[in-house]
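Here is the structure we will look at.
Quick note: the coordinates plus some simple rules give every number you see, no bench work behind them. In this text the structure is predicted, and so the values were computed from the model without any measurement. In this analysis, Cβ positions are derived from the backbone assuming ideal geometry, glycine residues included, and neighbour counts consider all displayed protein chains.
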Amino acid sequence: MNNPIYLDYAATTPMAPEVALAMTECLTLEGDFANPASLQHSFGERAYNLVETARIDIAHILKCKANDLVFTSGATEANNLAIKGLALSAQNKRKHIITSATEHKAVIDTCKYLESVGFKVSYLKPEHNGLINLDKLLAAITTETFLVSLMHVNNETGIIQDIAGIALALQDKELLFHVDAAQSAGKLNIDLSQIPIDLLSISGHKFYGPKGIGCLYIRNRKQQRLMPLMQGGGQEYGLRPGTLPTHQIVGMATAFKLAAHSLDKDNQHTQHLAQLISTQLKQLDGVHFNGDQQQKLASIINVSFDDVGSDSLMINLKDQLAIANGSACNTGTIEASYVLRAMGIEGDRLYGAVRISFGRYSTEKDIQHAGQCLYNEVLRLRQLALEL
Ligand SMILES: *Cc1c(COP(=O)(O)O)cnc(C)c1O
């Protein structure tokens, strides 16, 4: 039997072969395995140079200062460091955060934690299409607000928030703007020299790099005294102690460079695939694409079929397709998606929603086969329900 087709790129992407190769060169005695802080010897110097070159390469793509980047274990940690780090820093005297109800758990649960220690959080409800209304955001700001944290691209729906517009509107306010760009980095251009974002999180494994590595951008890092989440050897300006994982950092930078280089090509490819599968699925009656269909990443499709539960669909197609309902981080619980719920999606459409996400290595043949499988299974399940 053939392997199922992997359609869960929003949960994680397979690593680019070029990235795997670059990483293997930083592991063994023959390679650059040394501790980048061991500057007393040439092994350490070489590792240090690789890490700092990687930092410069990433900064070059984001158009920011290399010194404003702090390596973390991923976007979860970067989000925690940004939000808790600011909230709990000695500089901060204010108590109010604004975020949205459709953020990733790494932001929502960090905010929930801060609420438990006395902070106030406003979770903005998006419009029905998943987009945040700028007037409602501005209306939520008080003299106590020190941070607005919003994601660039939503991991369940692919909805793209207008972070440039929001950043500009917030620019003259006495607060900082954090963006979780885990789903957009490497897929959409982010120009930090033009967009006044103060903090930005990215994650290597969402753009064909390794898992377990990410980074937090902090504009004018030296003036923002974030509280570190850990204490230790003082690496990363004391903001993120721990021996720097050269292979992970080199892997992420290699992947980011590749993604920046093939950004247009990758996007054309996924737009073409999205067109193919949408056309196939639209042949069915009672099919609903969730969220705004214009301001959206093509590579994430969130769709519901009338009278079909996402669980039956996924279980029955398990041998053919690897798709998701809700987000990967919430599996194990049979709860409906809190993201779709916050968008005001209810009933069948909420419980039936599945996420199909694809990318650079997905083929036309895969996508057409997936479309056919879904089409057939939806019809079969509806027929079965009629016969009951
Ligand atoms: C994947 C993801 C995260 C978490 O990133 P990790 O590197 O896996 O910790 C955070 N936010 C969004 C939007 C994501 O898609």
Residues meeting the amide H criterion for ILE159 (H placed from the backbone, H to H distance under 5 Å, 5 or more places apart or on another chain) are ASN154, LEU297
Just to be sure I understand the model, the point goes 7 Å from the Cα along the line to the Cβ. What's the resulting LYS173 to ALA139 distance in nm? 1.4 nm
Using the Karplus equation 6.51 cos²θ - 1.76 cosθ + 1.60 (θ = phi - 60°), what ³J(HN,Hα) coupling, rounded to whole Hz, does each residue of region 203-213 give in order, writing x for Gly and Pro? 9, x, 7, 8, 10, 6, x, x, 6, x, 8
VAL19 neighbourhood, Cβ < 14 Å, K/R = +1, D/E = -1, net charge +1
Per residue of region 304-310, in order, report the coupling 6.51 cos²θ - 1.76 cosθ + 1.60 (Karplus, θ = phi - 60°) as ³J(HN,Hα) in whole Hz, putting x for Gly and Pro. 10, 10, 3, 6, 10, x, 5
For region 240-309, count the residues as N, evaluate 2.2 N^0.38 Å, and divide the Cα radius of gyration by that value, please. 1.66
Contour excess over end-to-end distance, with Cα ends at LEU284 and ASP319 and 0.36 nm allotted per residue: 10.4 nm
Rounding to the nearest 10 and keeping the result within 0 to 90°, find how far the Cα-based axis of helix 263-281 lies from the longest principal axis of the chain. 20 degrees
Charges on Cβ only, +1 for Lys and Arg, -1 for Asp and Glu, centred on the Cα centroid of region 17-261; of ALA34, ILE195, GLY251, which one is farthest towards the dipole's positive end? ILE195
Going by how many other Cβ atoms sit within 10 Å of their own, how do MET227, MET252, MET343 line up, fewest first? MET227, MET343, MET252
Sites HIS272 and ARG382 - FRET efficiency at Förster radius 30 Å, r taken between beta-carbons, to 0.05: 0.55
Given unit charges at Cβ for Lys, Arg (+) and Asp, Glu (-), the dipole magnitude of region 17-261 about its Cα centre in debye, nearest 20, is 580 debye
Gain upon complete extension [GLN368, ARG341; 0.36 nm per residue less C-alpha separation]: 6.8 nm
Less than 15 Å from a label point 7 Å out along the Cα-to-Cβ axis of PHE33: which backbone N atoms in region 186-214 qualify, by residue? none
Whole-angstrom gap from region 36-87 to region 95-141, using each part's C-alpha centre: 28 Å
Taking r as the C-beta separation of GLN194 and ASN2 and R0 as 56 Å, the FRET efficiency to the nearest 0.05 is 0.75
Other-chain or far-sequence residues with amide H under 5 Å of VAL121's (modelled H): ILE97
Net charge, ALA259 excluded, C-beta distance under 14 Å - Lys, Arg +1, Asp, Glu -1: +1
Could you list the residues of region 349-381 with an amide nitrogen less than 16 Å from a label point located 7 Å from the Cα of ASP306 in the Cα-to-C-beta direction? 349-353, 378-381
Test of understanding: ordering LEU199, LEU340, LEU281 by Cβ neighbours within 10 Å, fewest first, what list do you get? LEU281, LEU340, LEU199
Count charges around SER38 for me, please; just the other residues with Cβ under 15 Å from its Cβ, Lys/Arg as +1, Asp/Glu as -1. -2
Please list 3J(HN,Hα) in residue order for region 239-246, calculated via the Karplus relation 6.51 cos²θ - 1.76 cosθ + 1.60 where θ = phi - 60°; whole Hz, with x for glycine and proline. 7, 8, x, x, 4, 5, x, 3
Order by protection proxy (mean Cβ within 10 Å, highest first), peptides 148-158, 215-225, 108-118: 148-158, 215-225, 108-118
Once Lys and Arg get +1 and Asp and Glu get -1 on their Cβ, which of GLY209, LEU69, THR53 lies farthest toward the positive end of the dipole of region 17-261? LEU69
